[in-house]
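Quick notes on the structure that follows.
The values are calculated or read from the model by the stated rules, or taken from the named source; none is laboratory data. These numbers were taken from a predicted model, which means no experiment stands behind them. Cβ placement follows ideal geometry from the backbone for every residue including glycine, while neighbour counts extend to all protein chains displayed. Calculation scope for accessible area: heavy atoms of the full protein, side chains included, ligands and nucleic acids excluded. Shrake-Rupley method; radii C 1.70, N 1.55, O 1.52, S 1.80 Å.
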Amino acid sequence: MTAPIQLADPAHRPSRKAPLVWALGAAIPWGALVIAQVVWFALDHRAPGLNALAAAATAVGIVMFVVVVPLWRYRVHRWDIDSRAVYTRTGWLVQERRIAPISRVQTVDTQRGPLERLFGLADVTVTTASSAGAVRIEALDSQVADDVVARLTDIAAIGAEDAT
């Protein structure tokens, strides 16, 4: 009987710009909520205690989702690729580790949203023949994302196995 293979955690982090992009992405809806609350405060003076409570809850939410979560995500998120598989670890409260065998890779896509383009980042999505869905490598520098796509394409072509 052979010993089980010990898998190391994925080694690569997202770009150093990832926490800033994640924070800005979270700040947009919180900013809309702040604007709505300012309008509410300006128009309705009947419940100052409720207004203060809503402002305090919003402040806590902003600190949590605009400051804490992006930094925590950056500490957790990892990715790696070798000739056998694509490895990811994601999440902040609930963490997920995914391993997608290269033989199961069907497509490799790159996405760049407006904030990602502004900061020179991209996400790589590796679609596999799995009911668990695609594996995402988030917030890579654009050149790193292009290199990952090229490397996965090369590795998958070497295997030349049907991923269905």
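All of Leu93, Leu53, Leu71 fail the test of being open to solvent by 40 Å² or more (accessible area, probe 1.4 Å), touching a residue at least 40 places away in the same chain (Cβ under 8 Å) and farther than 30 Å from Ile155 by Cα, apart from Leu71.
For Arg46, the test of being open to solvent by 40 Å² or more (accessible area, probe 1.4 Å) and part of a strand (DSSP E or B) is failed. Looking across segment 12-36, the residues that are open to solvent by less than 60 Å² (accessible area, probe 1.4 Å) and either in contact with a Ser or Thr (Cβ under 6 Å, 6 or more places away or on another chain) or in contact (Cβ under 8 Å) with a residue 24 or more places away in the chain (or both) come down to Pro14, Ser15, Ala18, Pro19, Val21, Trp22, Ala23, Gly25, Ala26, Ala27, Trp30, Val34. Taken over segment 126-161, the residue count meeting the criterion of being out of contact with any Ser or Thr (no Cβ under 8 Å at 6 or more places or on another chain) and under 16 Å from Arg13 (Cα atoms) is 4.
Candidates Gly49, Gly25: the one that is in contact with a helix residue (DSSP H, G or I) (Cβ under 7 Å, 6 or more places away or on another chain) and among the small types (Gly, Ala, Ser) is Gly25.
Only one of these is among the charged types (D, E, K, R), under 15 Å from the mean Cα position of the chain (by Cα) and at pLDDT 95 or above: Asp80, Asp146. Name it. Let's see the steps before the verdict.
Details: Asp146 fails: under 15 Å from the mean Cα position of the chain (by Cα).
Answer to the selection: Asp80.
Here segment 119-157 is the region considered, the condition is being part of a strand (DSSP E or B), acidic (Asp, Glu) and open to solvent by 30 Å² or more (accessible area, probe 1.4 Å), and the residue that is nearest to Asp109 (Cα to Cα) is Glu138.
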